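Undergrad: The structure follows.
The values are calculated or read from the model by the stated rules, or taken from the named source; none is laboratory data. This is a predicted model, so every value here is computed, not measured. Virtual Cβ from ideal backbone geometry, glycine too; neighbours counted across all protein chains shown.
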Amino acid sequence: MMTHEVELKALMLASRDGDAASHRALLNQLSSRLRAYYKGKLARVGRSAEEAEDLVQEAVLAIHFKRHTYDPAEPLTPWVHAIARYKLIDFLRRNRASFADVPIEEADEIMAYDDNVDAESTYDVKRLMERLPKNMRCSIEAVKLDGLSIVEAAERCGISESGVKVNIHRGLKALAALIAKETRT
Amino acid sequence: MRTDDLVAALSANIEPVNGRPVGRTVYIALAAATVVALGIMLVGLGVRADLMTARALIFLLLKLAFTVGIVGVASVYLTRLARPGGERRTSSISAAMPFAAIVLLAAISLGLAPSSHWNKMVMGDEWLECLLSIPIIAIVPFAVIIAAVRRAAPTNLVRTGAVAGLIAGGVSAMAYALHCTDDSLPFVAVWYGGTIVLCTLAGAALGPRLLRW
């Protein structure tokens, strides 16, 4: 348990300094733990693995976009757990399931199990992308999906380099909002 | 969408976290809320005419001690509640302390006065103005504080909304104290305390709707 905390916190601190590899490693490790957590919880209320994967992705998005709310002076595990539990209760409330069944568990339960079985969520990100403005879509596709550099993306989309960065930032936020809206309906 | 793809997309070209720490955002909002409340009071009501008399100053300081006490404790709570899991580190007891103190002082002051004065001491001259002014002045400060908390990530929305309402009510009562000419402890306990509690309840009711993320 301690090693998880120490290792994950080190990744988080590096990711806060802008280290992309650490950020990716952090989100990967957390997503497999979140998967085990949500599958276990949702199985108990009769929900599918796809829905668990939706929740994993919502939690990963939340961890990404709310990482400024993590206080480096505090341990990471309770912070991740609070987000995971918040998203679970939000999901159950949205789906009118009983959330009285969700026990208040130990904060480190979320770090207890890994689940690396790859699953698809129900979000069709390509379809959601079509609803984004042209520059946002182009910037995200170029950099995030096709792996181009910022310079190459700026050339492809016909906008400045800082424009690409701003469009990626805003576009990902807009995409997260679309996913959240999708799950609410 | 595969989760691996999502993680890969989120990790490409990330920037260092340079957003303001949550605490600072909350305190900036608090300062803005105070300025807004003072502005509304100055424009809408005006400062009491007898402000410079000794009796008025003593009661002004007392009202300010009560409201600043509330706002101080509640702001510290809000900086905790705004972070995921922060609700584990707050308890409602110290937030209730200023209320307990003013109720105790009010009871002592009533006990020392003849019962024929009680009605006047509790109702004052302007209880209706106080009852309406504090919640109305609190609206914009409440919006300012909610906007700041929305940038963070509270995980107990009812309690966070309640504390936001408590701060807004406290800031509003702080500004209203500069106008209010009812100088008696029971009046402050009932009408200041009561309206701030109302703001807190309104915040608790609105929290889940306004703060969801």
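Undergrad: Mind checking which residues of segment B:1-39 are closer than 22 Å to residue B:160 by Cα, modelled with pLDDT under 85 and at the interface with chain A (Cβ under 7 Å from one of its Cβ atoms)?
TA: B:19
Matching residues to (1) closer than 26 Å to residue B:83 by Cβ; (2) assigned to a helix (DSSP H, G or I); (3) within 9 Å of chain B (Cβ to nearest Cβ); (4) at pLDDT below 90:
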| position | (1), (2), (3), (4) |
| --- | --- |
| A:58 | yes, yes, no, no |
| A:62 | yes, yes, yes, no |
| A:72 | yes, no, no, yes |
| A:83 | yes, yes, yes, no |
| A:96 | no, no, no, yes |
| A:100 | yes, no, no, yes |
| A:104 | yes, no, no, yes |
| A:109 | yes, yes, no, yes |
| A:116 | no, no, no, yes |
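Undergrad: Taking residue A:9 as meeting all but one of (1) crowded, with 19+ Cβ neighbours inside 10 Å; (2) in contact with a Pro (Cβ under 8 Å, 6 or more places away or on another chain); (3) basic (Lys, Arg), write down the number of the exception.
TA: Here residue A:9 clears every test but (1).
Undergrad: Additional query: Report, by residue number, each residue of segment B:14-34 that is buried (at least 16 other Cβ atoms within 10 Å of the Cβ) and either of a type in the set (Asp, Glu) or over 37 Å from the mean Cα position of the chain (by Cα) (or both).
TA: B:14
Undergrad: Find all pairs meeting these conditions: Cβ atoms under 9 angstrom apart; at least six residues apart or on different chains; first residue within segment B:193-213 and without any contact (Cβ under 8 Å) to a residue 40 or more places away in the chain; second residue surrounded by 19 or more Cβ atoms within 10 Å (Cβ to Cβ) and not small (Gly, Ala, Ser).
TA: Pairs that qualify, where the first residue is without any contact (Cβ under 8 Å) to a residue 40 or more places away in the chain and the partner is surrounded by 19 or more Cβ atoms within 10 Å (Cβ to Cβ) and not small (Gly, Ala, Ser), are B:200/B:163; B:200/B:166; B:209/B:157.
Undergrad: I'm trying to understand the selection: among the residues of segment B:28-59, which are in contact with a Ser or Thr (Cβ under 7 Å, 6 or more places away or on another chain) and under 25 Å from residue A:71 (Cβ atoms)?
TA: Listed by number, the list holds a single entry, B:30.
Undergrad: If you don't mind, there's one more thing I want to ask. Considering every residue within segment A:59-68, establish whether at least one is surrounded by fewer than 20 Cβ atoms within 10 Å (Cβ to Cβ) and aromatic (Phe, Trp, Tyr).
TA: Within segment A:59-68, one or more residues are surrounded by fewer than 20 Cβ atoms within 10 Å (Cβ to Cβ) and aromatic (Phe, Trp, Tyr).
Undergrad: Then there is this: Kindly indicate which of B:42, B:38, B:104, B:10 is part of a helix (DSSP H, G or I), of a type in the set (A, V, I, L, M, F, W, C) and within 30 Å of residue A:167 (Cα to Cα).
TA: Only one candidate qualifies: B:10.
Undergrad: For segment A:23-49, name all the residues that are free of Cβ contacts under 8 Å to residues at least 12 places away in the same chain and more than 9 Å from chain B (Cβ to nearest Cβ).
TA: Within segment A:23-49, A:43, A:46, A:48 meet the criteria.
Undergrad: Need pairs with beta-carbon distance below 7 Å; first residue more than 10 Å from chain B (Cβ to nearest Cβ) and within segment A:154-177, second in a helix (DSSP H, G or I) and hydroxyl-bearing (Ser, Thr, Tyr); sequence gap 6+ or separate chains.
TA: Final answer for the pair search is A:157/A:139; A:167/A:139; A:171/A:139.
Undergrad: Where in segment B:123-213 are the helices (runs of 4 or more DSSP H), entirely inside, with at least 2 residues that are of a type in the set (D, E, K, R)?
TA: Helices (runs of 4 or more DSSP H) meeting the threshold: B:127-150.
Undergrad: Hey, does segment B:90-101 have a residue that's within 14 Å of chain A (Cβ to nearest Cβ), touching a Lys or Arg at 6+ places or on another chain (Cβ under 9 Å) and either more than 30 Å from residue A:124 (Cα to Cα) or in a loop (DSSP other than H, G, I, E, B) (or both)?
TA: Yes: one or more hits.
Undergrad: Considering only residues that are surrounded by 24 or more Cβ atoms within 10 Å (Cβ to Cβ) and not aliphatic (A, V, I, L, M), which ones fall in segment B:133-185?
TA: Those that are surrounded by 24 or more Cβ atoms within 10 Å (Cβ to Cβ) and not aliphatic (A, V, I, L, M): B:141, B:142, B:154, B:155, B:160, B:161, B:165, B:169, B:170, B:172, B:176, B:180.
Undergrad: Could we say that residue B:56 is within 14 Å of another protein chain (Cβ to nearest Cβ) and at negative phi here?
TA: Considered against the rule, which asks whether it is within 14 Å of another protein chain (Cβ to nearest Cβ) and at negative phi, residue B:56 comes out as no.
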